[in-house]
Structures are given as C-alpha cells and as structure tokens.
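The structure appears right after this line, and notes come after that.
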Ligand code: ADP
C-alpha cells in the first residue's frame, strides 16, 4: 500500500482510545475486489472485544454527555477538517478496499465529511420546549438528552459515509459510539478512527471493531444492557435479526435496509435528462447502493426511445479497476455478489426478458460484470422483487399513471423512488401517492446531508442526515415543576 497512507492505514482495533490486537489474537485479510489479492491484514475482534468497547464507551459517555454543545461542536469541526485534509488518501484507501472508481471514492469522502460538518453545526441547535401546564402554579419543560452508548453496524458499499452519518450525530448529541464495519471494508473505518483520535475526542468515545465474526459481535452489541441504541445499515434480513435481538433490552433502533426503487419514465419526460438520471441512479457504485433504481417503468410512448438511448449511454461506460484512468464501473464487491447478479439476469432472460446490452460476467474476469440493460422484463422475474445490487437495468412497459403507481407500490420495500415528468400536477400527485421515504422528481441524485434519508415499510426505521438525524440519538424528558 501507498506509503502516504501509513498514518491512516491501521491494522489493529481501536478500543478505549488504544490501538489493540484482538482479544483472541488473529487477523483477517482485506481483499482488493478488482484482483482478489490481499491488501492488508486486520485484527479479528470477538465478543470479548465488543464487551470491552462497550465498557470503555460507557465510561466515556458519562463524561461526554456533560460537555458543552460548543465543545462537542469544536471537536467535530476538527475531525471534519482532518478528514478534508486527508481526503485524497482516504479516497485511495476506500477505492482500494471497495473497488469503486477513484473519483467516486473521493466524492464519498467529501460526502461523508459533510455529515461531520453538518452535525457539528446541529450540536448547538438542540432545543427543548416550555409547555403551558394544565393547572396554575406549574410549568412543563421538555429536555433533550443523549440516549447513551450507540452501536453502529455498517455496510461495505459506502465504507466511510455510512459511518459518519451515524457517528457524527451520535457524538453531537452527547453519545459514545462503537462501530462494527463490514468485514470487506474495515480500513476506511479504522482510518476514520485514527483521525477521530487526532481530533482529540476523549478516550473510548469512538471505538472500532473490525471482525469477521459479525453474528457474534453483533449479538453482544444488540443484547448488552449498556448499549441503548443500535443504528444499522444493511440487508433487510440482518436488520430483522438485529431488531429481534434488540427486543430483549428494548433498544432504540435506526434501520436503513434494502430498497427496490422504482424509476418511472412518463411519456412527457425530457429524454436526455431521464437517460442521464437513469445512468446516474442505476450505475453509481456499479449498482451497489440501496437507492439505485431497481425497476424501470417506462410509459409506452417513450419506451423504445428510452431503451435505445439508455443502452447507448450504458455501452459507453468504461469498466475498469478503481485506479485505471477514466474508470466509471468498478468490480462488484465479492464473487458471491457476481453470482447473485448473474442468477438474477439468467432468471429474467429465461422468463422472456430481452437483452439489449451485456448480461454476463465481464471478459476481465474476477468480480467484474458487464453493464446490462434488459427490456420487456416479465412480471415474475425475480429482479423486480429482489434488490439487484449490480449494474443491471430492468425495463418494464406501462400505459397509465394509475397502473404504474400500483406497480411501484407493490413492494414491501419503500426506500427511494424516482419519476420523470414535465407535468406539474402529476409531479405533486405521484410524489404524494408513492410509498417511499425519498422521492426524486426529475432528479436522480437524492443522497445529500441536507435532506432526511430513510425508508418506509420494510426498508427501515428512522432518518439520517438533515435536522432529523440528530433526533435519533436524543431522548425526550418531560420535567414537571409544581408549587410555583
Ligand atoms: P450486505 O448485503 O450489504 O453485505 P449485510 O446486512 O450482510 O448487508 O451487512 C451489513 C452489516 O451487517 C455488515 O457490517 C455485516 O458484517 C453486518 N452483519 C451481518 N450479519 C450480522 C449479524 N447477524 N449481526 C450483526 N451484524 C451483522
């Protein structure tokens, strides 16, 4: 690895302010998804490490919750500055372990840092209330206080930003945190830990547990009585497990789970804008985001023109490893991910979908898959109900607005949805009717710190980012004062 990374390239766990080996010893390999070769070895934490981290976090929380918001804001600002100073190295590290094109990796660092900056600002804007009491001589105050120790369990698709989006509001609110990053991408998490340490947060306030034992460590984080809140981003299935395990100790939960985003193209859409939006939404991170368009519903009058133009735009995408100049499509994260995408495409084609582009593993081999466009996808194809998480656009033709709202809402997922139209009345109608936490109207990029991010139905609980994001880490306390 690059020598410039040395300060940021950490191999040990970060517990109680110290860089430590795992309690049971042992380490695991971090692989470059483009080559399958090991790029680092990292401590493999277990239940004992999780328990130590929780105790360290609780000790730190007791001190941190009493600090002034201004002081918490100052340290968060310092952390933000350090992340921005090191954004190129952090981007390199991220691209190396995650495989996304270098430009996307660097953009993620800036996006991730924005949460730290935002919540540094929000730390000082947590307001209580003074409520008119039901009888004379009384007052009712409402205070907001930190929930306590927070466990953050994060995925590999955004190894930096999914951490800052949870940890920055938690720290701003006065909580302490334990991060369990995905085993595929622990290096970005550890680098954030190194910069948090340099920023000067108290020892034990931020703890980072790389591990291959997700279930074992996850069980401790979801069952330990001192952990008051679990914030999770990942699959719906693991989200269910976390919810179930958290029930025993009634933990507060934020869950960002799988999506199945519909992307609706009405006849009156601007064709160039919709194709650009479709490519941005579908092919970002090679289709590996939970807000990627998963089902394209295209009205009959524009269907053929859209299919043709989309296929041409996707054909022009350059496939390559993160560091090859001009790369727009990196590899998928693991061989298992490639096998899943391949089986979804084969299932759709077997059932009658027409391949307009791609459809197979890429000639480069390894974890690369061809950017793919499938037209006339039949209703029973699995990729209309399962999250594809790969560079595959699935097109379905529709006739009327009512029909397409029915199709879009016929899913247990409800994270993002997109539609393109020039009709203002329709824009409001459809935005209201669609069952999703985030709706893009003539707009495909919808992840930004200013707006609340989260899902409805089985896509999750709670919101991240925006002013709403800090509420997830605050309890409301009513204080009744009598005898006044
Ligand atoms: P993805 O499909 O994105 O890999 P996962 O839900 O498998 O989604 O992973 C998201 C995060 O959840 C990762 O950090 C992973 O290690 C973690 N994880 C997986 N299984 C469990 C579990 N049983 N308990 C807690 N965390 C888990």
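Selection of the stretch 114-160 for residues being over 28 Å from residue 78 (Cβ atoms) and not in a loop (DSSP other than H, G, I, E, B) yields 129, 130, 131, 139, 140, 141, 142.
Quick check on the stretch 184-199. Is at least one of its residues closer than 26 Å to residue 331 by Cβ, more than 9 Å from the ligand (Cβ to nearest atom), assigned by TED's automatic domain parsing to the domain that holds residue 35 and without any contact (Cβ under 8 Å) to a residue 40 or more places away in the chain? Checking the stretch 184-199: at least one residue is closer than 26 Å to residue 331 by Cβ, more than 9 Å from the ligand (Cβ to nearest atom), assigned by TED's automatic domain parsing to the domain that holds residue 35 and without any contact (Cβ under 8 Å) to a residue 40 or more places away in the chain.
Kindly indicate which of 321, 305, 280, 273 is part of a loop (DSSP other than H, G, I, E, B) and assigned by TED's automatic domain parsing to the domain that holds residue 430.
Details: 305 fails: part of a loop (DSSP other than H, G, I, E, B); 280 fails: part of a loop (DSSP other than H, G, I, E, B); 273 fails: part of a loop (DSSP other than H, G, I, E, B).
After ruling out the rest, the residue left standing is 321.
Output yes when any residue across the stretch 435-443 is crowded, with 18+ Cβ neighbours inside 10 Å and farther than 14 Å from residue 262 by Cβ, and no when none is. No, there is no match, as no residue in the stretch 435-443 is crowded, with 18+ Cβ neighbours inside 10 Å and farther than 14 Å from residue 262 by Cβ. The residue pairs whose first member lies in the stretch 240-261 and is farther than 18 Å from residue 157 by Cβ and not assigned by TED's automatic domain parsing to the domain that holds residue 417, whose second member is part of a loop (DSSP other than H, G, I, E, B) and more than 12 Å from the ligand (Cβ to nearest atom), and whose beta carbons are closer than 6 Å, counting only pairs six or more residues apart or on different chains, are 249/225; 252/147.
Within the stretch 166-183, take every residue that is within 16 Å of the ligand (Cβ to nearest atom) and assigned to a helix (DSSP H, G or I) and give me the one that is surrounded by the most Cβ atoms within 10 Å (Cβ to Cβ).
167
In the set (1) within 24 Å of residue 246 (Cα to Cα); (2) under 18 Å from the mean Cα position of the chain (by Cα); (3) surrounded by fewer than 24 Cβ atoms within 10 Å (Cβ to Cβ), the condition left unmet by residue 212 is number (2). Checking residue 253 against (1) within 17 Å of the chain's Cα centre (by Cα); (2) buried (at least 21 other Cβ atoms within 10 Å of the Cβ): exactly one of these is not met. Which one? Of (1) within 17 Å of the chain's Cα centre (by Cα); (2) buried (at least 21 other Cβ atoms within 10 Å of the Cβ), only one is false for residue 253: (2).
Just one of 340, 351 is out of contact with any helix residue (DSSP H, G or I) (no Cβ under 9 Å at 6 or more places or on another chain) and either assigned by TED's automatic domain parsing to the domain that holds residue 293 or within 16 Å of the ligand (Cβ to nearest atom) (or both); which is it? Give the steps one after another, and end with the answer.
Details: 351 fails: out of contact with any helix residue (DSSP H, G or I) (no Cβ under 9 Å at 6 or more places or on another chain).
None of the others qualify; the one that does is 340.
Identify, please: which residue in the stretch 223-237 is assigned to a helix (DSSP H, G or I) and free of Cβ contacts under 8 Å to residues at least 60 places away in the same chain and is, among those, nearest to the ligand (Cβ to nearest atom)?
Initially, the stretch 223-237 is screened for residues assigned to a helix (DSSP H, G or I), giving 223, 236-237.
After this cut, where a residue has to be free of Cβ contacts under 8 Å to residues at least 60 places away in the same chain as well, the list is 223, 237.
Working: 223: 11, 237: 7 Å.
Of everything passing the filter in the stretch 223-237, 237 is nearest to the ligand (Cβ to nearest atom).
The number of residues in the stretch 257-266 being in contact with a strand residue (DSSP E or B) (Cβ under 6 Å, 6 or more places away or on another chain) and near the ligand (Cβ under 10 Å from one of its atoms) comes to 1.
Restricting 356, 244 to residues that are within 14 Å of the ligand (Cβ to nearest atom), touching a helix residue (DSSP H, G or I) at 6+ places or on another chain (Cβ under 9 Å) and at pLDDT 95 or above narrows the list to 244. Looking at the structure I just gave you, is residue 131 in the same structural domain as residue 62 (by TED's automatic domain parsing) and touching a helix residue (DSSP H, G or I) at 6+ places or on another chain (Cβ under 7 Å)? No: the conditions fail for residue 131.
Go through (1) more than 8 Å from the ligand (Cβ to nearest atom); (2) touching a residue at least 40 places away in the same chain (Cβ under 8 Å); (3) under 25 Å from residue 22 (Cα atoms); (4) not in a loop (DSSP other than H, G, I, E, B) one by one and return the number of the condition residue 203 breaks. Going through (1) more than 8 Å from the ligand (Cβ to nearest atom); (2) touching a residue at least 40 places away in the same chain (Cβ under 8 Å); (3) under 25 Å from residue 22 (Cα atoms); (4) not in a loop (DSSP other than H, G, I, E, B) one by one, residue 203 breaks only (4).
The values are calculated or read from the model by the stated rules, or taken from the named source; none is laboratory data. Just so it is clear, the structure is predicted and the values come from calculations on it, not from any experiment. We place every Cβ from the backbone using ideal geometry, glycine too, and count neighbours over all the protein chains shown.
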